[in-house]
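The values are calculated or read from the model by the stated rules, or taken from the named source; none is laboratory data. Bear in mind that the values here come from a model prediction, so they are computed numbers and not experimental data. So basically every Cβ, Gly included, is an ideal-geometry build from the backbone, and we count neighbours across all protein chains shown.
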Amino acid sequence: MKVGIIGLSRAGKTTVFNAITGSTAQTGSFGAKKANLAVIKVPDARVTHLSSVYKPKKTTFAEIAFVDVPGGDEGSQAALGGTQTIDLIKGVDTLAIVVRAFNDSSYATEVADPLAEFEQVLGELIVLDLIVLEKKLERLDKERVKSTEYELFKRAKEWLEEERPLRTLELDEAEKKLLSGFQFLSMKPVLALANTGETESAELGSLAAACAGQGVPLVDFCGAIEMEIAGMDEGEQAEFLEGLGIAESAKDKFIREAYALSSLISFLTVGEDEVRAWTAKKGSLAPQAGGKIHSDIERGFIRAEVVSFDDFVEHGGIPKAKEAGKARLEGKDYVVKDGDIINFRFNV
């Protein structure tokens, strides 16, 4: 999965990217001219726990890619640049909109207005989609085509003209499939990230209300502090967070929110060789999930032996879970759940 980090100039996108990924991409006006890409592991306490039990030769976490998307040209007030930038956004699964919530006169003279920045970025996505739809409808009008596709495009255009993103338009499965093929930007899941200051930050109440109204997760993220945390080893990180009275870093919360927002789950496989988290789409059937491991499993699927992670912990392992009747044999119609520990039976 891939998350695109977008936002206005001086929102601190690249600082956030560096804090999340541990990268050292150049910040400032020069760094803003190019895209930065990094792949990181998804924090998962379940994998850590299972690894401590099995002590495998290898432990593998799920992965997520982040793209720091360059904005408009220097001096531009737009969050999104030209064709290259738009193509980058089309290629991601989820969008993280970074808004400046810190006040720092040495960095930006104007007072931070995170809600206005959030609404501007959403507005740019809507306008770009509206341009695409208008061109498609114009072509269909010239061809005198009045198909189901035409009516759907017309409804989508009217929705956008009311300044509402396509992800909030009620669609059936066939309509979603049709529109998804055109990679409309405002259809992508969105997460808001308020880049706050170490000392002085903007009030986030209005932004939080706007996000809540649209079903958009909001993460309070101090890029400067998170970069400092990223430079520590695990022991130092835990001690630092404990000193602040924080259970987890904003970075870890953000990564998990982005992962879940993309309708992804993790199922687990265990053994002495490897403990691993595998990524699957929410709603995946057992054979499809097995296919993430190897195509032979999907092709020759017989059964899936399933124990939930919670039952594994409660009963102290798979054998005890079986004795308690918590291990199940599931068929090809089983919908895999987040945290399932699965052993696949197959024959090819």
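Overview of values
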| quantity | calculated |
| --- | --- |
| Top-ranked residue in region 99-118 [being more than 21 Å from I255 (Cα to Cα) and aromatic (F, W, Y); ranked as modelled with the lowest pLDDT] | Y107 |
| Residue within region 164-174 that is closer than 30 Å to E134 by Cα, in a helix (DSSP H, G or I) and charged (D, E, K, R) present | yes |
| Meets criteria (closer than 20 Å to S262 by Cα, assigned to a loop (DSSP other than H, G, I, E, B) and without any contact (Cβ under 8 Å) to a residue 40 or more places away in the chain) for L178 | no |
| Unmet requirement for G283, which otherwise passes all of (1) of a type in the set (G, A, S); (2) in contact (Cβ under 8 Å) with a residue 40 or more places away in the chain; (3) within 15 Å of R46 (Cα to Cα) | (3) |
| Filter result for the condition that a residue is surrounded by fewer than 18 Cβ atoms within 10 Å (Cβ to Cβ), at pLDDT 95 or above and not assigned by TED's automatic domain parsing to the domain that holds L50, over I341, I293 | I293 |
| Flag for A96 being at pLDDT below 85, within 23 Å of M1 (Cα to Cα) and either in a helix (DSSP H, G or I) or touching a strand residue (DSSP E or B) at 6+ places or on another chain (Cβ under 7 Å) (or both) | no |
| Single residue of region 11-25 satisfying the filter (of a type in the set (S, T, Y) and in contact with a strand residue (DSSP E or B) (Cβ under 9 Å, 6 or more places away or on another chain)) that is surrounded by the fewest Cβ atoms within 10 Å (Cβ to Cβ) | S23 |
| Residue that is modelled with the highest pLDDT [pool: residues in region 50-87 that are of a type outside the set (V, I, T), under 24 Å from the mean Cα position of the chain (by Cα) and closer than 14 Å to L268 by Cβ] | F61 |
| Scan of region 289-312 for residues that are closer than 16 Å to A277 by Cβ, touching a residue at least 24 places away in the same chain (Cβ under 8 Å) and in a helix (DSSP H, G or I), ordered by number | A289, G290, I293, F309, D310, F312 |
| Filter pass, F309 being under 13 Å from L50 (Cβ atoms) and not aliphatic (A, V, I, L, M) | yes |
| Close pairs (7 angstrom Cβ cut-off, 6 or more residues apart or separate chains): closer than 12 Å to L166 by Cβ in region 115-128, assigned to a helix (DSSP H, G or I) anywhere | L125/L185; L125/S186; I126/L160; I126/S186; L128/I86; L128/L185 |
| Leading residue by the ranking (surrounded by the fewest Cβ atoms within 10 Å (Cβ to Cβ)) among those in region 157-211 that are modelled with pLDDT under 90 and closer than 21 Å to T14 by Cα | T199 |
| Of all residues in region 131-156 being closer than 20 Å to K90 by Cβ and not hydrophobic (A, V, I, L, M, F, W, C), the one that is modelled with the lowest pLDDT | E149 |
